[in-house]
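Below is one structure, written out as structure tokens; comments come after it.
The values are calculated or read from the model by the stated rules, or taken from the named source; none is laboratory data. All values reported here derive from a predicted model rather than from experimental measurement. Every residue, glycine among them, receives a Cβ derived from its backbone with ideal geometry; neighbour counts consider all protein chains shown. Ligands, DNA and RNA are stripped out before the accessible areas are found, and what is left, the full protein with its side chains, is counted by its heavy atoms. Shrake-Rupley method; radii C 1.70, N 1.55, O 1.52, S 1.80 Å.
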Amino acid sequence: MGLEIERRFVIANDGWRGLAAGVQYRQGYLSVEKERTVRVRIVGDQAWLTLKGNISDISRHEFEYAIPLADAQTIMDAMCPMVVDKLRHRIEFGGYVWEVDEFFGENAGLVLAEIELPAEDTPFAKPDWVGAEVTTDGRYTNAYLSKKPYTSWTQR
């Protein structure tokens, strides 16, 4: 069984810029319920179908399967009305990889950092460019951002 244990933070400053090249991600969502999320992700010439099921604010069941790029593009175009575009930067710090996502389109202006951990209570060091934790605020999930984009929020 797949398990994802992830903490999410807003970015405090631009100290992360230039530490790693970014890779373009496009994610289309078929289901964005808190209990379950189903998405198609395209990164370059590779694609995946991912299913996530809620366990807690930090942990989720996660099952990810590689699929043909042509299938992913068809699914995205025909079945995914909710899409998120972002540039992901993978930055090593303190023995972990931080994924900094810089969002575009209707989510422009939002930059988040995520860290995956082996357990919910695992201690970790935060780089000085990592700001407030938003793990328990569901608005900052990619699934939520796909249906309620950051630029539409009246309160941030």
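Assorted remarks:
- Filtered residues of segment 1-31 (kept if small (Gly, Ala, Ser), surrounded by 13 or more Cβ atoms within 10 Å (Cβ to Cβ) and at pLDDT 90 or above): Ala12, Ala20, Gly22, Gly28
- Considering (1) part of a strand (DSSP E or B); (2) over 15 Å from the mean Cα position of the chain (by Cα), the lone condition that Asp85 does not fulfil carries the number (2).
- The residues of segment 71-88 that are in contact with a strand residue (DSSP E or B) (Cβ under 7 Å, 6 or more places away or on another chain) and among the small types (Gly, Ala, Ser) amount to a single one, Ala72.
- Top-ranked residue of segment 142-156 - restricted to ones that are in contact (Cβ under 8 Å) with a residue 12 or more places away in the chain and part of a loop (DSSP other than H, G, I, E, B), ranked as nearest to Val38 (Cα to Cα): Pro149
- Subset of segment 115-156 that is farther than 27 Å from Tyr29 by Cβ and of a type in the set (Phe, Trp, Tyr) - its residue that is surrounded by the fewest Cβ atoms within 10 Å (Cβ to Cβ): Phe124
- Qualifying residues in segment 32-66 (those that are more than 24 Å from Val111 (Cβ to Cβ) and aliphatic (A, V, I, L, M)) - the one surrounded by the fewest Cβ atoms within 10 Å (Cβ to Cβ): Ala66
- Flag for Glu102 being open to solvent by 20 Å² or more (accessible area, probe 1.4 Å) and either within 18 Å of Ser56 (Cβ to Cβ) or at pLDDT below 95 (or both): no
- Criterion violated by Asp57 - all others in (1) modelled with pLDDT of 95 or more; (2) not in a strand (DSSP E or B) satisfied: (1)
- Residue check, Ile91 assigned to a helix (DSSP H, G or I) and not hydroxyl-bearing (Ser, Thr, Tyr): no
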